[in-house]
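In what follows, a single structure is set out as structure tokens and then discussed.
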């Protein structure tokens, strides 16, 4: 991960939650325990490697719990920790906020797709 600039709590949490996948994974895990293949099915465009990296990052942050069950083949399940569960209302609030945002969001989304998935928003 990148070095922190300000050591502000917002900067720290955004280092964990920023990017395309972390909030989506938390969103899908709020439905309950899932296996790796379930999360791939929920997010079909994420690569195997990226899903592994994102789940590890969320596990290291104490947001996701990984449980291994012995036997062959090895079965692994993922679920939210209590800390992860506390993030769900915040993620839901972000989704509600976005749904209630004016038509400018369409232009922001178009900018992002034209620029290969990244965009910058200028604030006045």
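The values are calculated or read from the model by the stated rules, or taken from the named source; none is laboratory data. Keep in mind that what you see is a predicted model, and the values were worked out from it rather than measured. Note that each Cβ is placed from the backbone with ideal geometry, even for glycine, and that neighbours are counted across all protein chains shown.
Values computed for the structure shown
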{"read-out": "Cross-chain or 6+ apart pairs with Cβ under 8 Å, region 66-94 first and in contact (Cβ under 8 Å) with a residue 60 or more places away in the chain and at negative phi, then surrounded by 10 or more Cβ atoms within 10 Å (Cβ to Cβ) and in a strand (DSSP E or B)", "value": "87/80; 88/80"}
{"read-out": "Some residue of region 79-101 being farther than 20 Å from residue 15 by Cβ, at pLDDT 95 or above and either in contact with a strand residue (DSSP E or B) (Cβ under 6 Å, 6 or more places away or on another chain) or part of a loop (DSSP other than H, G, I, E, B) (or both)", "value": "yes"}
{"read-out": "Matching residues in region 21-59 - criterion: being surrounded by fewer than 15 Cβ atoms within 10 Å (Cβ to Cβ) and touching a strand residue (DSSP E or B) at 6+ places or on another chain (Cβ under 6 Å)", "value": "33, 35"}
{"read-out": "Sole residue being under 27 Å from residue 109 (Cβ atoms) and out of contact with any helix residue (DSSP H, G or I) (no Cβ under 7 Å at 6 or more places or on another chain), chosen from 75, 56, 41, 86", "value": "41"}
